Amino acid sequence: MCSGLRGIRYSSYCYRLFFRNYNVARCVRNLSGDGQVSGITASRVRSRLCFGAVTQRPLSSYASMAQSDGKRSLASGQMQESESNAAVGVPQPRLTKKRKVMPPSVQYRVRIQQAAKKHTIDDAFAAFEQAKAENVRLSPDCFVTLLFLAAGGDSWEELVHCREKREEYLKTERLQKCDEILECLVSSGSPMVEMCYTALARRDAILGRGSSALSLANQVTEDKTLSQRLRCYLPALVSFAAAGDAMGAMETYRNIMAAGLEPGEIEFQKIIQALSNSDSTDDITWETVESLLLHMSRETTQLTKETISELSRLFTSQRPPQPWTVETCSVHDDGFCEFCNDKLQAIDLTEEEYEQFSSGIASLAGKQAKQPEDFGTFVEWLKSHGPFGVIIDAANVAFYGQNFDTGGFNFGQIEAVVDRVRRDFPDLKPLVILHINRTKGHLANSQKAKALLADLTEKKSFYAAPHGSNDDWYWMYAAVAAGQRGLLVSNDEMRDHLFNLLSPKYFDKWKQRHQMRYTFAGDVTTLEFQSPPPYTRCTQHLSNGCWMFPADDGTWLGAKING
C-alpha cells in the first residue's frame, strides 16, 4: 500500500515538473525578443533542466538570461538555432575550444620525430630544409635526430661491413648532410651533446675512417661536461674490425679502459674480429691476446653465436704462434670435458666484487622502496644478528606446488626447509625472509604457523620485509652479503625487471654458484635440495692451456694446442 502511494506521488511530481519546465521554455522564447536564443542560454537552460534547478528559480531570471545572452550573440554575429529547439532540449552542436596553433619550431620538431619513427628519412630532411629556409630555430634534440638519421640510423653497422649497401647509401648523399646539420647546430648556439659525437663517429666508421671515429670518442671523454658512454667507442671498433686493423682496435680498447668504462661482449667481439682479420704482422703478441680473453672471462658469462664464431676464427687464424684445434664440445655434470681432458673450475666473485655487488643491490633497493630508510634498518639488523649462511626465500617455498583448488600459502613447507637446512648445514645459520603481509591472515594465524614464526623470531632467524618494500631485494641482499659460503634456497628464475637492473657480470656468476634449488615430490617429507653445479659456465683458461667458451645455446667451444 505504502509503495503504491509513493509511486503515485512520484508520478505526480514528475508531471508537475514537466509543465513547470515547459513554461520556462515558453518564457525564454517569448522574452528573447526576436524569436531566437543564443547557444549560451540554451546550454544554461538545459543544464538547469537536467539538474532540477529550474524549479527553484523565478521565470523572470530566465528571461533576463535570454535577453543578455541574445545581445552578446547578436554582437558577435554568431546566431544559433531557434530557441524553441534549444529550450526543449534538442541536442545542439557542442561548443569546442579553439585549438592552439603550435609554434613553427614545435611543428618542425613533430615532423622530424614522426619521420624518424616511420623511417621516412627524406621527409625528415625535407622538414629540416624547410625550417632552414624559413629561419626557424630547431631544438637541440632535432639536430640529434637528424644526425642519427644521416649517419645511417639503426643500420649504420651494416653499412660499415657491407660494401654494396655502403656504396648504395653513399649515392643518396645523406652522409653529406651531417656537415650541414652540424653547421646549423653550431650557428643556433645549441651545445654538442654526446649523441652528436657518436653520430659523427658512425659517419666516419661508414667512410672507413676509424682513427677519426676514435678521436671523436676521445673528445667526449676529455670534455667533463659530457656523459661518457661506451657506445661512443663502438664505431671506431666496428671500423677497425672491418678493416682488420688490430692495432687500432687494441688502442681503442686501452682508451676504453683509461676512460674508466667497462667493455661488454660486443666490444670484445669487435676486437677479436679485428685480430682475426689482421695479417698478424703487427706487434701484438699472443700473450696480449690471452690477457684480453681473460678480461673477457671476468666481464661476461655465456656468449652469443656471433662471438663464438669470431673466437673460432681467431684460434684458427695466423695470429697464434702455433696451430690450435677448435671444436664444439660438451661438459659432464662434474665439470669434466673430454675434448680438453680437464675439469672446469667453480669460479666465484672476488671479495671486492662482492662488496660492489652488495652495495649496488642496497642502492637499488633503497631507490625502489617507499621508505628508503627501511632497507638501511635491515642492513643494520643483518650486521647485528648475523652472520647468516643460508637465506630462504620463504614466499617461493610456501607457494611451491600450490597451483590446485585447495592450495595456498604453505607454512609447513617453510618449516620443512628450515629443518632440513639445520640438519644438512649445521654450521650455517638460516634466515627466513617474508613480506609482512604474509604474517597476517587466517593461514598465518594457524597454530603451526604461529609456532614456526615465534621460534624463528626468538632465534633471530626471521625478518619481515615492511610495507612498501619488495621482499626480493631483502633476500637477494642477504644472500650476497653472506659471501662465498652463502646459499639461497629459491626456485625463482630471477628474470623480471628488478634483476635486470643488476650487473650481469656479477649476478650471473653469483647465481650459478649460490642458488640452491629444491623440490617436493609429495608432502613435506619428500623435500630434496639441488646443490649448485661444481663448475661455472663462463670463459675459462684451464690448467693444461686449453680454452673453454660457453655459448648461450648450452654448448661449449673448446680450443687446444695441436699435439
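The values are calculated or read from the model by the stated rules, or taken from the named source; none is laboratory data. What you see is a predicted model; the values in this text were computed from it and never measured. Cβ: placed from backbone, ideal geometry, glycine included. Neighbour counts: every protein chain shown. For the accessible areas, the whole protein counts, side chains as well, though only heavy atoms, and no ligand, DNA or RNA atoms are used. Shrake-Rupley method; radii C 1.70, N 1.55, O 1.52, S 1.80 Å.
Only Lys, Arg, Asp and Glu carry charge here, each on its Cβ (+1 for the first two, -1 for the last two); on that basis region 475-543 has a dipole of about 380 debye about its Cα centre.
Placing a pseudo-label 7 Å from each Cα along the Cα-to-Cβ vector at Ser543 and Thr304 gives an inter-label distance of 3.6 nm. Region 426-446 and region 536-563 have Cα centres spaced 43 Å apart.
A Förster radius of 30 Å, combined with the Cβ-Cβ distance separating Arg495 from Thr439, puts the computed FRET efficiency at roughly 0.65. Count Lys and Arg as plus one, Asp and Glu as minus one, and take only other residues whose Cβ is under 14 Å from that of Arg166; the net charge is then 0. Computed over protein heavy atoms with a 1.4 Å probe, the carbon and sulfur contribution to the accessible area of region 98-146 reaches 54%.
Were the residues from Asp334 through Asp427 laid out at 0.36 nm apart, the gain over their Cα-Cα distance would be 31.0 nm. Is the C-alpha gyration tensor of region 248-396 telling us rounded, prolate or oblate? Criteria: a/c under 1.5 is rounded; beyond that, a/b larger than b/c is prolate, otherwise oblate. Verdict is prolate for region 248-396. Its Cα centre serving as origin, region 454-506 has a Cβ charge dipole (Lys and Arg +1, Asp and Glu -1) of approximately 280 debye. When you count the other C-beta atoms within 10 angstrom of each residue and take the mean per peptide, 432-444, 205-217 line up highest first as 205-217, 432-444. Sorting the segments 184-192, 275-283 by their mean number of nearby beta carbons within 10 angstrom, highest to lowest, gives 275-283, 184-192.
Taking θ as phi - 60° and the Karplus parameters 6.51, -1.76 and 1.60, the scalar couplings of region 296-306 work out to 4, 5, 7, 9, 10, 10, 7, 10, 6, 5, 5 Hz in sequence order, x denoting glycine and proline.
Each residue, Ser531 and Thr120, gets one label point 7 Å from its Cα in the Cβ direction; the gap between the two is 6.5 nm.
For Lys171 and Glu251, what is the calculated FRET efficiency with R₀ set at 35 Å and r taken between the beta-carbons, to the nearest 0.05? Using R0 = 35 Å, I get an efficiency of 0.60.
Separation of region 291-341 from region 134-195 is 39 Å, based on Cα centroids. Classify region 448-557 as rounded, prolate or oblate from the Cα gyration tensor: take a ≥ b ≥ c as the square roots of its eigenvalues, call it rounded if a/c is under 1.5, otherwise prolate when a/b beats b/c and oblate if not. Cα axes put region 448-557 in the prolate bin.
With both labels modelled 7 Å from their Cα along Cα-to-Cβ, the Ser291 to Ile266 distance reads 2.7 nm. Positive contributions from Lys and Arg (+1) and negative ones from Asp and Glu (-1), summed over other residues with Cβ under 12 Å from the Cβ of Ser187, come out at 0. Among the listed pairs Lys305/Lys509; Lys305/Lys560; Lys509/Lys560; Lys460/Lys505; Lys305/Lys511; Lys117/Lys509, a Cα-Cα separation exceeding 27 Å is found for Lys460/Lys505; Lys117/Lys509. Please state the shape class of region 228-317: rounded when a/c is under 1.5, otherwise prolate if a/b exceeds b/c and oblate if not, all from the C-alpha gyration tensor. Rounded is the answer for region 228-317, as its axis ratio a/c remains below 1.5. Other residues whose C-beta falls under 14 angstrom from the C-beta of Glu290 contribute a net charge of +2, scoring Lys and Arg +1 and Asp and Glu -1.
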